[in-house]
6 protein chains.
Amino acid sequence: MSHPESGLTHFDDQGRAHMVDVSDKPFTARIAVARGAVKMSAETLALITEGRAKKGDVLGVARLAGIMAAKKTADLIPLCHPLPITKVALDLTVDPTLPGIVVEATVKTGGQTGVEMEALTAVSVACLTIYDMVKAVEKSMSIEGIHLILKDGGKSGRYETKL
Amino acid sequence: MSHPESGLTHFDDQGRAHMVDVSDKPFTARIAVARGAVKMSAETLALITEGRAKKGDVLGVARLAGIMAAKKTADLIPLCHPLPITKVALDLTVDPTLPGIVVEATVKTGGQTGVEMEALTAVSVACLTIYDMVKAVEKSMSIEGIHLILKDGGKSGRYETKL
Amino acid sequence: MSHPESGLTHFDDQGRAHMVDVSDKPFTARIAVARGAVKMSAETLALITEGRAKKGDVLGVARLAGIMAAKKTADLIPLCHPLPITKVALDLTVDPTLPGIVVEATVKTGGQTGVEMEALTAVSVACLTIYDMVKAVEKSMSIEGIHLILKDGGKSGRYETKL
Amino acid sequence: MSHPESGLTHFDDQGRAHMVDVSDKPFTARIAVARGAVKMSAETLALITEGRAKKGDVLGVARLAGIMAAKKTADLIPLCHPLPITKVALDLTVDPTLPGIVVEATVKTGGQTGVEMEALTAVSVACLTIYDMVKAVEKSMSIEGIHLILKDGGKSGRYETKL
Amino acid sequence: MSHPESGLTHFDDQGRAHMVDVSDKPFTARIAVARGAVKMSAETLALITEGRAKKGDVLGVARLAGIMAAKKTADLIPLCHPLPITKVALDLTVDPTLPGIVVEATVKTGGQTGVEMEALTAVSVACLTIYDMVKAVEKSMSIEGIHLILKDGGKSGRYETKL
Amino acid sequence: MSHPESGLTHFDDQGRAHMVDVSDKPFTARIAVARGAVKMSAETLALITEGRAKKGDVLGVARLAGIMAAKKTADLIPLCHPLPITKVALDLTVDPTLPGIVVEATVKTGGQTGVEMEALTAVSVACLTIYDMVKAVEKSMSIEGIHLILKDGGKSGRYETKL
């Protein structure tokens with residue numbers, strides 16, 4: 001029912017979107033790590049880093065938003081399978097060379113398909129949340145370079161970005 | 001209750017996150033336009049453009065995912081106000097120079113706060129959906145340059161990206 | 001931006017799905033009434049009617065499911081606008097001539113578009129809930145004749161089914 | 001705790017609604033297929049079939065809505081168990097003899113209860129979405145004959161509608 | 001349609017649950033404040049208060065969970081109307097005399113019904129989140145005294161708890 | 001990655017919130033029972049108990065709200081894992097000595113973490129729903145004593161409240 005010659009597995013052989021049948025795939029330990037960044041001015045970044053101590057924890061709010069978003073992935077991405085997520089962690093680090101915040105999400109499951117979309121969704125929503133909290137100060141921020149950096153488990157094996 | 005000296009309005013004067021009080025703001029016509037892109041190899045892009053005709057409409061699925069995501073913004077972004085969205089449109093165009101797909105979202109409301117986050121969320125989820133549908137072919141795609149290009153309505157007035 | 005010659009307003013002039021712009025439509029009192037039925041054997045219907053008293057209130061559960069579903073309409077139907085629903089009521093009546101249960105939903109709003117979809121969704125989910133609660137006894141039930149019987153308010157005026 | 005003499009398993013022996021205990025049921029491969037239709041005038045149907053090519057893909061939008069709705073079943077039907085869906089496919093075919101659109105949904109899981117409600121919910125929401133997209137042209141459409149046509153897997157065995 | 005002699009407005013005169021018709025009520029500024037507490041041992045409380053600085057901000061996570069829950073009230077409470085919330089703030093204070101954490105939520109809207117349920121839901125979910133984050137240390141915590149302390153706006157006027 | 005010296009497992013060793021990794025925990029049968037109560041005046045309680053027969057089933061609506069809320073736990077509590085719930089039952093009893101309604105929820109799963117939060121969430125939302133349905137009559141009701149009374153399954157073993 002998939003579409004081998006085109007490689008677009010989310011469509012059947014008549015080009016109709018469907019949720020791929022994973023019924024016969026084994027339950028295996030899977031992990032995915034994704035990364036992205038919010039780019040901003042140095043002044044805006046300074047506001048966030050100072051804020052952690054006493055004016056408000058932007059990164060703490062974004063981290064939580066990312067974790068909660070990972071659980072909503074199958075509700076947001078039309079053809080994603082619902083998966084029993086077993087771990088979500090977000091790492092947000094200040095990068096003065098961007099300048100901006102780098103967001104990295106790690107997601108694990110013991111399910112029948114990978115958790116790449118969960119990791120990418122967690123990064124995206126954490127970045128959007130940073131934008132939301134700081135937009136009163138700078139509207140020209142941009143979200144950059146959201147990509148998968150690691151995926152392991154399942155038949156297709158390990159994928160890792162060359163750095 | 002906002003935090004004037006820092007500009008981080010999502011925190012009160014003790015640094016605690018809150019949903020800003022907009023009770024006294026007038027209901028005005030508001031619009032926001034956001035843009036972003038999914039970057040991929042020329043081969044992958046060819047697969048998508050050919051697919052529209054007979055192998056599966058990747059852009060059609062992504063457009064719908066973006067429209068539905070705009071309606072979930074207040075559920076995803078912790079401190080966003082729920083807003084009565086009155087229009088959502090997504091424009092997805094093939095850009096061979098990237099190569100990739102450029103996603104633009106336009107959102108309108110007649111509410112008390114702006115719809116920037118709705119437009120940015122629509123773009124993000126449409127990009128994630130493209131990634132999901134094509135990832136079997138190329139895992140090294142990246143989501144780039146999600147940013148606000150226009151915002152109008154409300155007290156803070158018009159904002160437009162310099163192109 | 002709508003598509004006048006075809007009448008399919010949910011697509012723009014290039015055939016792309018969008019959420020129609022209702023920004024300039026006035027806020028008016030609107031009402032919609034929809035109806036449908038679950039058809040079953042006389043024996044199954046007897047089980048439900050007897051159950052109300054002491055074995056379990058199938059209709060009470062279905063009524064509540066329908067009310068809650070009306071609130072989820074914009075989340076279920078891709079191009080529906082979120083609307084501030086001001087009233088939802090479901091009327092479930094036993095019809096021995098079907099035999100089965102007739103479900104009628106009335107929904108009101110003070111918004112910019114009609115609540116037909118909210119009423120039809122409430123009826124559909126109430127019917128599905130009846131099916132769910134009785135399926136252990138009869139799997140051959142069917143949901144029949146879900147249709148709009150009244151719509152009023154808004155520019156297009158009153159619509160009423162001829163009985 | 002179930003209610004054997006009445007057969008209404010969703011109520012305990014005092015007639016109180018509950019989510020049935022399936023803890024001790026085995027995980028088995030399960031499938032369900034459901035069908036339904038949207039009946040309309042021949043003119044309206046012609047608009048949809050012509051539209052696929054250039055005016056807007058009504059069936060493509062409805063298919064996606066049905067797939068996404070299958071994932072929301074446990075959120076819509078009060079006493080449904082959440083299930084790890086492993087496949088959802090919708091088949092929408094034009095039937096000039098109705099005249100209208102026939103919707104068929106196939107859902108699979110590897111869980112402890114059946115996916116009948118997921119298949120029926122997918123059909124219902126796809127039908128509602130067709131109604132939504134075409135209602136500007138014809139309000140007198142009706143949704144007809146939503147029923148289960150196949151169910152297999154689990155202790156109760158195979159069920160198939162006699163055609 | 002309400003039930004004047006019993007005062008249970010959520011049921012019609014035949015005892016059927018419905019979402020009350022508020023179509024004709026004016027849009028007015030409304031506020032509600034609710035309070036509750038999580039009671040625990042002094043040792044557990046010490047862990048939370050020390051944690052704020054370096055081991056993890058339990059109260060920050062609970063505050064955010066409460067804010068987000070306020071937006072889900074109409075999805076959780078079957079007969080609640082969806083409301084355009086214009087402000088949510090949560091105040092969590094350490095009370096060594098309980099010992100425990102006191103949670104207070106303030107919610108505002110400009111809608112047709114009050115926001116008591118939004119404030120009470122925010123308090124409840126913030127308390128549940130505290131429980132969740134500390135349960136590995138103490139399972140015997142309890143959530144106590146969730147009640148409305150202030151309500152204003154709307155026809156029924158001001159309500160305030162006597163302290 | 002957990003935080004052994006503090007016992008706050010929902011934070012890593014740098015105090016950042018995360019969803020704990022349960023990937024390597026076995027799937028075991030788990031049960032949790034929680035309890036709480038809504039305290040009200042004897043007059044209000046009389047209204048509810050009389051209502052069951054003919055004026056409206058407050059307890060039936062609250063029971064259903066509690067069952068549905070158990071399924072939303074991972075969506076409400078930020079760091080909760082999504083779990084395949086296999087049973088939810090709510091028991092609501094009239095207690096004239098309070099006076100009020102005592103709510104008890106029993107939840108089961110076959111997953112990798114416990115269902116305490118699901119049981120506590122079910123109790124909380126059932127109590128909130130009682131409040132909502134009766135608040136037109138008495139605003140001074142309070143929700144009291146929500147606590148865990150039993151937990152079994154998993155490595156940490158059986159926990160039971162001393163009565």
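Observations
- Against the conditions (1) more than 30 Å from E:S23 (Cβ to Cβ); (2) in contact (Cβ under 8 Å) with a residue 60 or more places away in the chain; (3) in contact with a Gly (Cβ under 9 Å, 6 or more places away or on another chain), E:L120 satisfies every one except (1).
- Test: E:M117 is farther than 19 Å from C:M68 by Cα, in a helix (DSSP H, G or I) and either among the small types (G, A, S) or in contact with a helix residue (DSSP H, G or I) (Cβ under 8 Å, 6 or more places away or on another chain) (or both): no
- Whichever residue in segment F:50-69 is out of contact with any helix residue (DSSP H, G or I) (no Cβ under 9 Å at 6 or more places or on another chain) and more than 7 Å from every other protein chain (Cβ to nearest Cβ) and, among such residues, is modelled with the lowest pLDDT: F:A53
- For segment E:75-98, the criterion of being crowded, with 24+ Cβ neighbours inside 10 Å and within 9 Å of the chain's Cα centre (by Cα) is met by none of the residues.
- From the list E:R35, E:R63, the lone residue that is surrounded by fewer than 23 Cβ atoms within 10 Å (Cβ to Cβ), over 30 Å from C:H81 (Cβ atoms) and under 21 Å from the mean Cα position of the chain (by Cα) is E:R35.
- C:A34 meets each of the listed conditions (1) more than 20 Å from C:L120 (Cβ to Cβ); (2) modelled with pLDDT of 95 or more apart from (1).
- E:K139 being at the interface with chain F (Cβ under 9 Å from one of its Cβ atoms) and of a type in the set (K, R): yes
- Those residues of segment B:123-139 which are in contact (Cβ under 8 Å) with a residue 40 or more places away in the chain and over 24 Å from B:I67 (Cβ atoms), in sequence order: B:V137, B:E138
- Which numbered condition A:G157 fails, given (1) buried (at least 21 other Cβ atoms within 10 Å of the Cβ); (2) of a type in the set (G, A, S); (3) without any contact (Cβ under 8 Å) to a residue 40 or more places away in the chain: (1)
- For segment C:91-117, taking the residues that are closer than 19 Å to C:S156 by Cα and of a type outside the set (S, T, N, Q), the one that is farthest from the other protein chains (Cβ to nearest Cβ) is identified as C:V115.
- Checked against (1) in contact with a Cys (Cβ under 6 Å, 6 or more places away or on another chain); (2) more than 30 Å from D:T86 (Cβ to Cβ), A:A74 meets all criteria but (2).
- Some residue of segment A:125-145 being in contact with a Lys or Arg (Cβ under 6 Å, 6 or more places away or on another chain) and crowded, with 24+ Cβ neighbours inside 10 Å: no
Residue by residue, here is whether (1) farther than 20 Å from C:H18 by Cβ; (2) among the aliphatic types (A, V, I, L, M) holds:
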| site | (1), (2) |
| --- | --- |
| D:A65 | no, yes |
| D:A74 | yes, yes |
| D:P96 | yes, no |
| D:I101 | yes, yes |
| D:E116 | yes, no |
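- Scope segment B:75-90; condition closer than 21 Å to D:A65 by Cβ and either within 14 Å of chain A (Cβ to nearest Cβ) or of a type in the set (D, E) (or both); matching residues: B:D75, B:L76, B:L90
- Meets criteria (more than 9 Å from chain F (Cβ to nearest Cβ), in contact with an Asp or Glu (Cβ under 9 Å, 6 or more places away or on another chain) and modelled with pLDDT under 90) for E:M1: yes
The values are calculated or read from the model by the stated rules, or taken from the named source; none is laboratory data. Note that the structure is predicted; figures quoted are calculated from it, not measured. Neighbour counts run over all protein chains shown; Cβ positions are idealised from the backbone, glycine included.
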